[in-house]
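The values are calculated or read from the model by the stated rules, or taken from the named source; none is laboratory data. Since we're looking at a predicted model, the values are computed, not measured. Neighbour counts run over all protein chains shown; Cβ positions are idealised from the backbone, glycine included. Please note that ligands, DNA and RNA were not included when accessible areas were found on the heavy atoms of the full protein model with its side chains. Shrake-Rupley method; radii C 1.70, N 1.55, O 1.52, S 1.80 Å.
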Amino acid sequence: MGFNQVAESDELILDEALERQRILETVINNSPIMVFLWTPEENWPANYVSENVTQLGYNAEDFLTGRIMYANIVHSEDINRVRKELTKCCESGKDDFVNRYRVLTGNGEIRWVEEKTFIQRDERRNVVNFQAIIRDITSEIKNEKALHDALESQKALMEKQKALLDRQRALETVINNSSIVGFLWKAEKYWPTLYVSENVRQFGYTPEDFISGRVLYGKIIHPEDLLLVELELEENCEEGGKEFNRQYRILTKSGEVRWVEEKTFIQRNQDGQATNFQGLIEDITEKLKKPEK
């Protein structure tokens, strides 16, 4: 092979290499990934930077001429951490590392970036270059923060719900171990039940009897007392009252007549209409019995 043929072969190889480089640069410059090649000197002077650094508001020329050093665009609150981590990786013999931090764009906007750097070393393992891939992750950070905030809010809500349930269980324990039965009724005919404490069993009924609608509270009030109870409660509601207190008789499931004292708190909507009755029922039969002579 003659000299001219060798020269032509070398030139062809060079042309092919340059073409591959142009293709690679075209791909990089049309992607969100920015590429840097820094020397391991103070503030990391750039030997190469991809054209798409314009997405940060700079030109490649800004870095290549030294007008701007990459370290100078790293956020002042992050730069010391970035320097320490890079130094640590170099001294420990690592060949690559990933870091996240903030940078300032050409117009002063703060952006989050993720840097993946490959540490190039010579035969003696001395650092000669930093080859970095920089990606703008501002949107990801915002999404992560939004997700974190949402999870924290959900966690706080769950903790609040747990605290409420704990208090509810504590209150139910107190009520269920007392003679007072708790009810929550709809403000409708015969007062359909939304909630009743377990100790309603003292009257022979189960909570399910009332909650299922098989038994309506108004139906267990003694027939001779029902009308008066209804009228007094209705009058109290119409007059804007907040409480209703009354003694009357009820029928247990076995048909026994028991005297009870009801104290009810009237719940209203924004228009002032009664929506629910929160009632406390206490068996006072024994209290009303006259002492024997």
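Computed values, structure above
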item: Pair list, Cβ < 6 Å and 6+ apart or interchain, from segment 137-153 residues that are under 22 Å from residue 115 (Cα atoms) to residues that are surrounded by 11 or more Cβ atoms within 10 Å (Cβ to Cβ); result: 137/112; 137/114; 138/111; 138/112; 141/112
item: Segment 115-126 residues that are assigned by the TED database to the domain that holds residue 39 and without any contact (Cβ under 8 Å) to a residue 12 or more places away in the chain, paired with ones that are surrounded by 10 or more Cβ atoms within 10 Å (Cβ to Cβ) and among the hydrophobic types (A, V, I, L, M, F, W, C) (beta carbon under 6 Å, 6 or more apart); result: 120/128; 122/128
item: Test: residue in segment 130-140 that is open to solvent by less than 80 Å² (accessible area, probe 1.4 Å), at pLDDT 90 or above and part of a helix (DSSP H, G or I); result: yes
item: Those residues of segment 257-270 which are surrounded by fewer than 16 Cβ atoms within 10 Å (Cβ to Cβ), farther than 15 Å from residue 223 by Cβ and either over 47 Å from the mean Cα position of the chain (by Cα) or among the hydrophobic types (A, V, I, L, M, F, W, C) (or both), in sequence order; result: 265
item: Pair list, Cβ < 7 Å and 6+ apart or interchain, from segment 218-237 residues that are in the same structural domain as residue 283 (by the TED database) to residues that are outside any helix (DSSP H, G or I) and hydroxyl-bearing (Ser, Thr, Tyr); result: 218/190; 219/190; 221/248; 222/248; 225/248; 229/248
item: Subset tally (residues that are open to solvent by 20 Å² or more (accessible area, probe 1.4 Å), in a helix (DSSP H, G or I) and free of Cβ contacts under 8 Å to residues at least 60 places away in the same chain) for segment 35-85; result: 12
